[in-house]
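These notes concern the structure reproduced below.
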Amino acid sequence: MSGSERREQLIRISRTLFAEKGFDGTSIEEIAATAQVSKPVVYEHFGGKEGVYAVVVDREMRKLLGMITEALSASHSLIKLERAALALLQYIEESSEGFRILVRDSHAASGTGTFASLISEIASQVEDVLADEFAARGYDPKLAPMYAQMLVGMVALTGQWWLDVRKPGREEVAAHLVNLAWNGLTGLNPNPEITATTRNHAAPVKPRAGEKELREFEKVREKELKEAEKIRQRELKEAEKARVRELKERERLLKEAEKAREREEKIRQREARLAERAARLEQVDHPE
């Protein structure tokens, strides 16, 4: 086995052990024994457990960040969100050991940061996307960093939960994530689905697609986006109507409650006057 092959073997073995036992639970002796080499071989390649751990973490972070960055290169904000959510879930599905290492340990020995720093780096990219979207919709772009942290945090925590449960499938999980992030609680779609544009993007792409095929694909994508926007606008209008009805009903109940209070106050005042009159009559009938 060549030196580079041995190095890759040690990285693979260490990756599995770190995922299973964490940094503190893994020893150089165990890495060497599993690889059937002596401890000096591990020290020769990495200088110690901290060195091999740093390499493993750096590889995983670069892999995940690369997948998210590629997903955010889509043209439409909805497609970016869908692809980014799918990219994280795909990484979790295909690199479970790596994800366990990233979320389990925040060890300074990595030398490349922690999962929190990775999330912040992704959020900084999402921030640019949201800033453009906010500006286009008339919202304050200065709020984009805060919303980026909320959005990425929601996706990341869902990914940690899905790491163990694995149900439902990643497309369905991504669809529900995007449903909440894109539509909000008041406009939730009861049966969300990933757009065909994102689904086709995730599928193997035919090499050297013709210009005509690309134009057709673009037309389908634009049509889907328009339909999605129409549905969203309709749901927003329905939600607004529901809010107006709720406000009117609340106003009606408040008026009724106010009228009831006024009636009670009139009755109280009348009873007070009757009591006062009775007291005066009592004084007249029984003068001291």
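The values are calculated or read from the model by the stated rules, or taken from the named source; none is laboratory data. Just so it is clear, the structure is predicted and the values come from calculations on it, not from any experiment. Backbone-built Cβ (ideal geometry, glycine too); neighbour counts: all protein chains shown. Accessible surface areas use protein heavy atoms only, side chains included; no ligands, DNA or RNA. Shrake-Rupley method; radii C 1.70, N 1.55, O 1.52, S 1.80 Å.
From Phe46, Phe99, Phe115, which residue is of a type in the set (Phe, Trp, Tyr) and at pLDDT below 85? Going through Phe46, Phe99, Phe115 in turn, just one is of a type in the set (Phe, Trp, Tyr) and at pLDDT below 85: Phe115.
Mind listing just one residue for me: the one in the stretch 1-28 that is closer than 21 Å to Val103 by Cα and of a type in the set (Ser, Thr, Tyr) and, of those, surrounded by the fewest Cβ atoms within 10 Å (Cβ to Cβ)? It comes out as Ser27. Taking the stretch 75-95 as the range and being more than 14 Å from the chain's Cα centre (by Cα) and either assigned to a helix (DSSP H, G or I) or over 13 Å from Thr195 (Cα atoms) (or both) as the test, the residues that pass are Ser75, Ser77, Ile79, Gln90, Tyr91, Ile92, Glu93, Glu94, Ser95. Any residue in the stretch 162-172 that is open to solvent by less than 30 Å² (accessible area, probe 1.4 Å), assigned to a helix (DSSP H, G or I) and at pLDDT 90 or above? Within the stretch 162-172, one or more residues are open to solvent by less than 30 Å² (accessible area, probe 1.4 Å), assigned to a helix (DSSP H, G or I) and at pLDDT 90 or above. When the stretch 78-91 is filtered for residues that are open to solvent by less than 40 Å² (accessible area, probe 1.4 Å) and within 17 Å of Met154 (Cα to Cα), the ones remaining, listed by number, are Leu78, Lys80, Leu81, Glu82, Arg83, Ala84, Ala85, Leu86, Ala87, Leu88, Leu89, Tyr91. Taking the conditions exactly as written (under 19 Å from Ile79 (Cβ atoms) and either at pLDDT 65 or above or open to solvent by 40 Å² or more (accessible area, probe 1.4 Å) (or both)), does Glu229 satisfy them or not? Criteria met by Glu229. Within the stretch 29-73, the residues that satisfy the criterion of being open to solvent by 10 Å² or more (accessible area, probe 1.4 Å), outside any helix (DSSP H, G or I) and of a type in the set (Gly, Ala, Ser) are Ser38, Gly47, Ser73.
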